[in-house]
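The structure appears below as structure tokens.
The values are calculated or read from the model by the stated rules, or taken from the named source; none is laboratory data. Quick caveat, the model's predicted, so the values are computed rather than measured. Because the Cβ atoms are built from the backbone with ideal geometry, glycine has one as well, and the counts that use them run over all protein chains shown.
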Amino acid sequence: MAITNITVSNFKSFKQLDLALGRFNVVIGANAAGKSNFVEIFKFLRDLEQNGLEDAVFMHGGQSSLLSRRLGPAQDLRVRAVSDDQMDLIRPSRCLRVYETIYELAVRFSDEATAPEILADNLLQKFETYRLELEELELEEKDGPADKHPSDRQKGEISVRILDGKRVVGLEPPDLGMLLEKEQVLPPVSLMTEFSSVFQGTTSLVIQANHSVLVPWQTLFSGIGVYSIDPRAAKEPCAIRGKPELHETGTNLALILKQTLADRERSRRFHNLMHDLLPFVTEVGTQNSPDGAVLANLKEDYYSDPFLAHLLSDGTINIAALITALFFQDNDVVIIEEPERNIHPRLISGMMELMKDASRNKQIIVTTHSPEVVKHAGVENLLLISRDKEGFSTISRPAEKEAVKVFLEHELGLDDLFVQDLLAVP
């Protein structure tokens, strides 16, 4: 899954944002331009799904921190996200594939003491139906979706939205619903109408996404992983029990490494990735301390005994945490803030290649101040955040600016343009 478009209104330093995203995105900009606030959009969507609206607002500091200081509650907060997640429902007579999911939320705030009011809470899935020949259907059931020679394609949309205070299911075109009901792909229309009662109340739709009318999914935004690795925290021993998810700062890296390295194939892959960047590393491992904690260790070419994590360089630990976040966490969207911290400039090109490689299977979003990261990012992947005359954050693409194209044609490097602030030239 990737989030292909994000739209917000009155969110922190953003008055209005409508941004298309690719598989690999490098976000640059001056200090206080809004890079962290951009990351907060994704964290808010994740927290919304995991905890509900009121808790998500509280976790982000309340309305005074969530809304723009210039606009405040005078303008509603709106968030819209488009996902390209593909989901399949295979049936003997007709198959159905969801190819785009759109979620939209509009919230009105009055004061800190009053719960936020949901004005719009809409979920839309775009899908197509098709037939498969018998042999292709057997292949689908055996090996998963193949979509080799589908025929009789028809496109449609199904929505769940608020209408007069209730959640209502809609299907377009309406006659397609009768066909899908007849061929037992979707439940009868009567059941779909009853389904709307599931969503009555003030709980956001996204927290109940597993009730999808079409193909149920386990998560829409919970698969967003945000990381700002602190190597000092990542070196610390951690409890041997805990969630099998890497913490945002990497504080439980030793535990995650223990779980990752326990699998032979995952261990082989992890060591290959480490060796690509740090050829002197021969083995990464973990060990238990007398008090029951787990610690990371690492063996180098130069010595026979491994080093415990607290003796390792910050850069080495940072690379181990980055590899873990990119390749060994079950996330669809991986956001990494300033991945270049503590890493020598000559290793940045290899780090960027790792992230581009990871973006083939996951969506990667990176924020950075590093000219070296910008140099190896590719101009087509850059997103420049700046502040307008009113102080609102805006995002532009340097690749679309004629002046930047001219500079590059005259062999000025992206890193030079970034340092001299020429990527912002109109």
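For segment 100-129, which residues satisfy the criterion of being closer than 21 Å to ASN331 by Cβ and either at pLDDT below 85 or among the aromatic types (Phe, Trp, Tyr) (or both)?
TYR103
Take the residues of segment 274-307 that are of a type in the set (Asp, Glu) and touching a helix residue (DSSP H, G or I) at 6+ places or on another chain (Cβ under 9 Å): which is surrounded by the fewest Cβ atoms within 10 Å (Cβ to Cβ)?
Filtering segment 274-307 down to residues of a type in the set (Asp, Glu) leaves 276, 283, 291, 300-301, 305.
Imposing the further condition that a residue be touching a helix residue (DSSP H, G or I) at 6+ places or on another chain (Cβ under 9 Å) reduces the set to 276, 283.
Details: ASP276: 16, GLU283: 14.
Here the residue is GLU283.
What pairs can you find where one residue is in segment 1-27 and free of Cβ contacts under 8 Å to residues at least 12 places away in the same chain, the other is surrounded by fewer than 19 Cβ atoms within 10 Å (Cβ to Cβ) and basic (Lys, Arg), and their Cβ atoms are less than 6 Å apart, with a gap of 6+ or different chains?
none
Could you please find all residues in segment 23-46 being at pLDDT below 95, part of a loop (DSSP other than H, G, I, E, B) and over 25 Å from PHE109 (Cα atoms)?
Those that are at pLDDT below 95, part of a loop (DSSP other than H, G, I, E, B) and over 25 Å from PHE109 (Cα atoms): ALA30, ASN31, ALA32, ALA33.
Would you say PHE42 is under 21 Å from GLN75 (Cα atoms) and either free of Cβ contacts under 8 Å to residues at least 12 places away in the same chain or among the aromatic types (Phe, Trp, Tyr) (or both)? Reasoning before the result, please.
Details: under 21 Å from GLN75 (Cα atoms): yes; either free of Cβ contacts under 8 Å to residues at least 12 places away in the same chain or among the aromatic types (Phe, Trp, Tyr) (or both): yes.
Here the answer is yes, as PHE42 does meet what is asked.
Look at LEU311 and say whether it is within 25 Å of the chain's Cα centre (by Cα), within 19 Å of CYS238 (Cα to Cα) and among the hydrophobic types (A, V, I, L, M, F, W, C).
On the way: within 25 Å of the chain's Cα centre (by Cα): no; within 19 Å of CYS238 (Cα to Cα): yes; among the hydrophobic types (A, V, I, L, M, F, W, C): yes.
No: the conditions fail for LEU311.
Inside segment 45-56, can you point out the residues that are touching a helix residue (DSSP H, G or I) at 6+ places or on another chain (Cβ under 6 Å) and among the hydrophobic types (A, V, I, L, M, F, W, C)?
Start the filter on segment 45-56 by keeping residues that are touching a helix residue (DSSP H, G or I) at 6+ places or on another chain (Cβ under 6 Å), which leaves 47-49, 52, 56.
If the condition is that a residue be touching a helix residue (DSSP H, G or I) at 6+ places or on another chain (Cβ under 6 Å) and among the hydrophobic types (A, V, I, L, M, F, W, C), then LEU48, ALA56 are the ones that fit.
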